[in-house]
C-alpha cells in the first residue's frame with residue numbers, strides 16, 4: 001500500500017511537468033489554521049471485555065505553502081505543498097496493569113493504572129492531490145501525503161496502586177508525571193528525570209517522580225514514533241474571491257504511527273515478564289481548518 005501511494009504521488013508530478021505551459025497554469029500561496037487530531041486504534045480490553053482506553057482529540061496548528069496547477073481551463077488540476085503540521089492525540093487508560101521498578105534491575109508490581117498522555121507530534125507534510133473546481137468558487141481535492149516527523153513531545157500523569165509481584169504485599173499508591181521527548185529521551189534510569197522512593201516488600205525502590213518516554217524500557221530500540229507517516233488526504237476549499245479562501249482538509253494515516261518495540265500491552269506482561277506485543281495498528285487522523293491566500 002505504501003509503495004502504491006508513493007507511485008501515485010510521483011505519477012501526478014510527472015503529469016504536471018509534462019504538460020505544456022506549466023508556468024502559465026501555476027498558482028502559489030500559503031495557508032494557516034488549526035489541526036484537530038487523534039489516534040485511531042482499538043482499546044485494550046479488561047478481564048470482562050470492558051474497554052480500558054479512550055482516544056480523544058488534541059488541538060494543534062499548521063502553516064505552509066501550497067501550489068496549484070490547472071490542467072484544463074481552470075477546472076481540473078493538481079495541488080501540492082509543504083506543510084508544517086502538528087498532530088497527535090490524547091490517550092486515557094484506566095484498568096489492570098503492571099509497574100516495573102528500575103527496568104535495568106527490575107522489581108515488579110501488579111495493580112491498577114490510571115493514566116493520561118497527551119502527544120503533540122510535528123510533521124513536515126508533502127501533500128499531492130488531484131482537484132476539480134466547481135463554479136469557480138468550490139474546489140474538491142483528493143490524493144495522498146507523505147509526512148516526515150521532525151518533533152515530538154508528550155505530557156501527562158499516571159497513578160499506580162497495587163501489590164508486589166510475586167509476594168503480594170500492598171504498595172502505597174504513587175504518581176508519576178510525564179515529560180516525554182521521544183526523539184531524545186533515554187531508556188531505563190536515564191529516563192528518570194526526577195525520582196521518588198516507594199516501599200516494596202519492606203525495601204525502598206527507586207521510581208520516577210517525573211519520567212521520560214522510555215522509563216519502562218531497559219533499552220531504547222529507535223524512536224517511539226515512526227519517522228514517516230503516509231496516508232490519504234482530501235478536502236473542500238471555498239474561494240471568497242480570486243485569492244482568499246477557506247479550506248477543510250482530512251488526513252488519514254495508512255501506516256503504524258507507533259513503532260513495534262513500543263506498541264505493547266499495558267494490561268499484563270507475559271510468563272517471562274516480557275512485554276506483550278499488541279495486535280492492530282495505531283494510525284494518525286486529523287481534521288485541518290485553515291484560511292489561505294493564492295496568488
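The values are calculated or read from the model by the stated rules, or taken from the named source; none is laboratory data. Note that the structure is a prediction, hence the values are computed from the model and not measured. No Cβ is skipped: glycine too gets one built from the backbone with ideal geometry, and neighbour counts run over all protein chains shown.
Identify, from the list 95, 81, 29, 89, the residue that is buried (at least 18 other Cβ atoms within 10 Å of the Cβ), farther than 22 Å from residue 211 by Cβ and in contact (Cβ under 8 Å) with a residue 12 or more places away in the chain. Lay out the reasoning, then the answer.
Values: 95 fails: farther than 22 Å from residue 211 by Cβ; 29 fails: buried (at least 18 other Cβ atoms within 10 Å of the Cβ); 89 fails: farther than 22 Å from residue 211 by Cβ.
Exactly one residue qualifies, and that residue is 81.
Scan (1) outside any loop (DSSP other than H, G, I, E, B); (2) free of Cβ contacts under 8 Å to residues at least 24 places away in the same chain for the single condition residue 184 breaks and write down its number.
For residue 184, the exception is condition (1).
If you scan the stretch 275-295, which residues turn out to be loosely packed, with under 15 Cβ neighbours inside 10 Å, within 22 Å of residue 222 (Cβ to Cβ) and at pLDDT below 95?
279, 280
Quick check on residue 267: is it free of Cβ contacts under 8 Å to residues at least 40 places away in the same chain, under 22 Å from residue 113 (Cα atoms) and surrounded by 15 or more Cβ atoms within 10 Å (Cβ to Cβ)?
Numbers: free of Cβ contacts under 8 Å to residues at least 40 places away in the same chain: no; under 22 Å from residue 113 (Cα atoms): yes; surrounded by 15 or more Cβ atoms within 10 Å (Cβ to Cβ): yes.
The answer is no for residue 267.
Got at least one residue in the stretch 216-231 being within 26 Å of residue 39 (Cβ to Cβ), outside any loop (DSSP other than H, G, I, E, B) and either at pLDDT below 95 or over 17 Å from the mean Cα position of the chain (by Cα) (or both)?
First, pick out the residues of the stretch 216-231 that are within 26 Å of residue 39 (Cβ to Cβ): 216-231.
Next, only the ones that are outside any loop (DSSP other than H, G, I, E, B) stay: 225, 228-231.
Cutting the leftovers down to either at pLDDT below 95 or over 17 Å from the mean Cα position of the chain (by Cα) (or both) gives us none.
No - not one qualifying residue is present in the stretch 216-231.
Might you check whether a residue that is within 21 Å of the chain's Cα centre (by Cα) and either in contact (Cβ under 8 Å) with a residue 12 or more places away in the chain or in a strand (DSSP E or B) (or both) occurs anywhere in the stretch 161-177? Please lay out each step first, then the result.
So in the stretch 161-177, the residues within 21 Å of the chain's Cα centre (by Cα) come out as 177.
This time we only want the ones that are either in contact (Cβ under 8 Å) with a residue 12 or more places away in the chain or in a strand (DSSP E or B) (or both), so: 177.
Scanning the stretch 161-177, I find at least one residue that is within 21 Å of the chain's Cα centre (by Cα) and either in contact (Cβ under 8 Å) with a residue 12 or more places away in the chain or in a strand (DSSP E or B) (or both), so the answer is yes.
Scan 143, 111 and give me the residue that is in contact (Cβ under 8 Å) with a residue 60 or more places away in the chain and farther than 30 Å from residue 202 by Cβ.
Working: 111 fails: farther than 30 Å from residue 202 by Cβ.
Only one candidate qualifies: 143.
Among the residues of the stretch 242-254, is there at least one that is in contact (Cβ under 8 Å) with a residue 60 or more places away in the chain, buried (at least 16 other Cβ atoms within 10 Å of the Cβ) and in contact with a helix residue (DSSP H, G or I) (Cβ under 9 Å, 6 or more places away or on another chain)?
The answer is yes; a qualifying residue exists.
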